[in-house]
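Enquirer: Next up is a structure, given as structure tokens.
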Amino acid sequence: MSRWRAIVFDLDDTLYPERDYVRGGFVAAAEWAASELDEERQAVFDELWASFEAGIRGDTFDRWLERHGHAGEVNRRAMISAYRGHLPQLEPYEDVRPTLEALRGTVQLGLITEGARAVQEAKLAALGLRPAFDKVLILGEDERGEWKPSPRPFEDWLVGTGIAPAEAVYLGDNPAKDFLGARRAGWSSIRIRRPDGLHRDEEPFAPEAAPDFEVADLESLAASLQPPAASNQSPIANRQSPVSGEKQILRPLARPQDDGST
Ligand SMILES: [Mg+2]
């Protein structure tokens with residue numbers, strides 16, 4: 001059996017590509033700029049997307065408004081509102097539905113995510129994944145002080161489940177917050193490093209922020225959790241996969257401060 005009784009997932013860049021949400025939001029922001037500022041829609045989108053591809057985060061709209069002579073709080077708020085208010089069209093990564101289905105009934109399945117509540121709700125609705133989870137916890141902007149890496153969402157998720165922290169694992173993509181929060185709450189953690197993930201090239205800032213395990217996709221997670229008793233062979237070795245064998249293995253990570261004895 002799985003060593004865990006609960007597997008709880010992050011949302012953005014873990015279950016779907018966050019860049020797809022960003023792209024849709026920029027389309028909406030460009031449409032707003034076309035109708036309200038008389039700018040050329042495609043040119044606005046192209047510029048916003050180029051900023052994103054260049055790694056600019058957090059002040060993309062401020063920069064664009066400034067460059068085009070539209071700086072100001074009213075425009076700023078309206079552009080953000082267009083972005084956040086768009087109806088997202090998202091698809092989960094290919095391995096998400098099969099994995100959740102395979103795990104269903106063997107462990108409790110959960111989701112912990114944070115951000116503008118309406119935005120996170122809209123993403124989940126677009127993905128159609130809410131019914132796949134036993135328990136969903138969304139921390140909105142009014143709860144910003146409790147966002148990961150606070151242990152609070154992890155503690156809250158367990159309430160009423162009868163599951164102990166040591167029996168729970170969190171699977172996420174962001175080394176700045178996902179694994180540290182889980183560790184502080186006494187959970188295990190798994191990093192998923194998607195090839196197109198926004199945080200794929202980032203590394204933990206400190207040893208305690210490192211995940212316990214890393215996987216390249218969810219197929220390898222599901223394979224690793226199957227009870228091996230059904231056959232004498234490893235389910236990982238049995239699994240047919242177009243990807244390299246190395247990617248399928250749920251491998252524990254040696255944390256930097258470890259002396260290798262654990
Ligand atoms: Mg994420």
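The values are calculated or read from the model by the stated rules, or taken from the named source; none is laboratory data. Every value quoted in this text rests on a predicted model; they were computed, and no experiment measured them. Don't worry about glycine lacking a Cβ; one is built from the backbone with ideal geometry, like all the others, and counts go over all protein chains shown.
Enquirer: Scan L48, L11 and give me the residue that is in contact with a helix residue (DSSP H, G or I) (Cβ under 7 Å, 6 or more places away or on another chain) and either assigned by TED's automatic domain parsing to the domain that holds G197 or within 16 Å of the ligand (Cβ to nearest atom) (or both). Write out each step before concluding.
Expert: Numbers: L48 fails: either assigned by TED's automatic domain parsing to the domain that holds G197 or within 16 Å of the ligand (Cβ to nearest atom) (or both).
One residue alone meets the criteria, L11.
Enquirer: Starting from residues that are in contact (Cβ under 8 Å) with a residue 60 or more places away in the chain and within 17 Å of the chain's Cα centre (by Cα), keep the ones in segment 82-98 and report whichever is nearest to D217 (Cα to Cα).
Expert: D95
Enquirer: Please go through segment 4-59 and pick out each residue that is touching a residue at least 60 places away in the same chain (Cβ under 8 Å) and part of a loop (DSSP other than H, G, I, E, B).
Expert: W4, R5, D10, L11, D13, T14, L15, P17
Enquirer: Take segment 164-212 and flag every residue that is part of a loop (DSSP other than H, G, I, E, B) and within 12 Å of the ligand (Cβ to nearest atom).
Expert: D173, N174, P175, A176, K177, R193, R194, G197, L198, H199, R200, E202
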